[in-house]
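S.K.: Below are the structure tokens for one structure; questions will follow.
The values are calculated or read from the model by the stated rules, or taken from the named source; none is laboratory data. What you see is a predicted model, and the numbers here were worked out from it, not measured in a lab. Quick reminder, even Gly has a Cβ in these numbers, built from the backbone with ideal geometry, and neighbours come from all protein chains shown. Surface accessibility is based on the protein's heavy atoms, side chains included, excluding ligands, DNA and RNA. Shrake-Rupley method; radii C 1.70, N 1.55, O 1.52, S 1.80 Å.
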Amino acid sequence: MYIQYRGFSLEATSRIYAYHVIGSPQGAREFTVDVQNDAFRSPPLRIQDGPGICYTRLKQELDRETSETPVSTHLRIGQSDIQEYVERTYPKPVKKWGAGAKA
């Protein structure tokens with residue numbers, strides 16, 4: 001299965017990212033993923049993260065898809081999606097102890 005990013009459109013309150021999926025048992029399909037503009041106004045989500053977070057969410061949904069529960073053609077990114085993506089993409093650095101410090 002191949003997921004192709006097709007670009008985005010900017011709406012009044014959100015960015016809508018478009019994807020084309022080929023090679024799935026259901027054949028070629030089109031999907032959109034909606035991210036509210038507010039998600040990009042403050043850290044930690046950056047504008048350049050838009051395609052990546054949407055791809056990640058779409059891939060997760062496609063991996064869980066069954067014939068009884070097909071993936072919706074329009075998905076939305078929620079706060080939990082943002083938190084998971086940021087934790088995975090921008091992990092906090094591990095604190096290193098100095099040479100004379102005791103653990």
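S.K.: Taking the condition of being under 10 Å from the mean Cα position of the chain (by Cα) and among the hydroxyl-bearing types (Ser, Thr, Tyr), how many residues in region 48-94 meet it?
M.R.: Residues that pass the stated criteria total 3.
S.K.: For region 21-49, enumerate the residues that are of a type in the set (S, T, N, Q) and surrounded by fewer than 16 Cβ atoms within 10 Å (Cβ to Cβ).
M.R.: To start, the set of residues in region 21-49 that are of a type in the set (S, T, N, Q) comprises 24, 26, 32, 36-37, 42, 48.
Correct list: 24, 26, 37, 42, 48.
S.K.: Mind telling me which of the residues 70, 91 ends up being free of Cβ contacts under 8 Å to residues at least 24 places away in the same chain, assigned to a loop (DSSP other than H, G, I, E, B), open to solvent by 70 Å² or more (accessible area, probe 1.4 Å) and on the phi < 0 side of the Ramachandran plot? Please lay out each step first, then the result.
M.R.: Numbers: 70 fails: free of Cβ contacts under 8 Å to residues at least 24 places away in the same chain.
Just one listed residue meets the conditions, 91.
S.K.: Six or more apart or on different chains, Cβ atoms under 6 Å: show the pairs whose first residue is in region 21-35 and under 13 Å from residue 71 (Cα atoms) and whose second is at pLDDT below 95 and open to solvent by 60 Å² or more (accessible area, probe 1.4 Å).
M.R.: As it stands, the answer is 24/1, since those pairs meet every condition given.
S.K.: Next question. May I ask you to verify whether residue 16 is among the β-branched types (Val, Ile, Thr), surrounded by fewer than 18 Cβ atoms within 10 Å (Cβ to Cβ) and either part of a strand (DSSP E or B) or within 11 Å of the chain's Cα centre (by Cα) (or both)? Before you say what the answer is, go through the steps one by one.
M.R.: Values: among the β-branched types (Val, Ile, Thr): yes; surrounded by fewer than 18 Cβ atoms within 10 Å (Cβ to Cβ): yes; either part of a strand (DSSP E or B) or within 11 Å of the chain's Cα centre (by Cα) (or both): yes.
The answer is yes for residue 16.
S.K.: Would region 50-57 turn up any residue that is of a type outside the set (Val, Ile, Thr) and exposed (fewer than 14 other Cβ atoms within 10 Å of the Cβ)? Give the steps one after another, and end with the answer.
M.R.: Just the residues of region 50-57 that are of a type outside the set (Val, Ile, Thr), to begin with: 50-52, 54-55, 57.
Restricting the remaining residues to those that are exposed (fewer than 14 other Cβ atoms within 10 Å of the Cβ) gives none.
No, region 50-57 contains no residue that is of a type outside the set (Val, Ile, Thr) and exposed (fewer than 14 other Cβ atoms within 10 Å of the Cβ).
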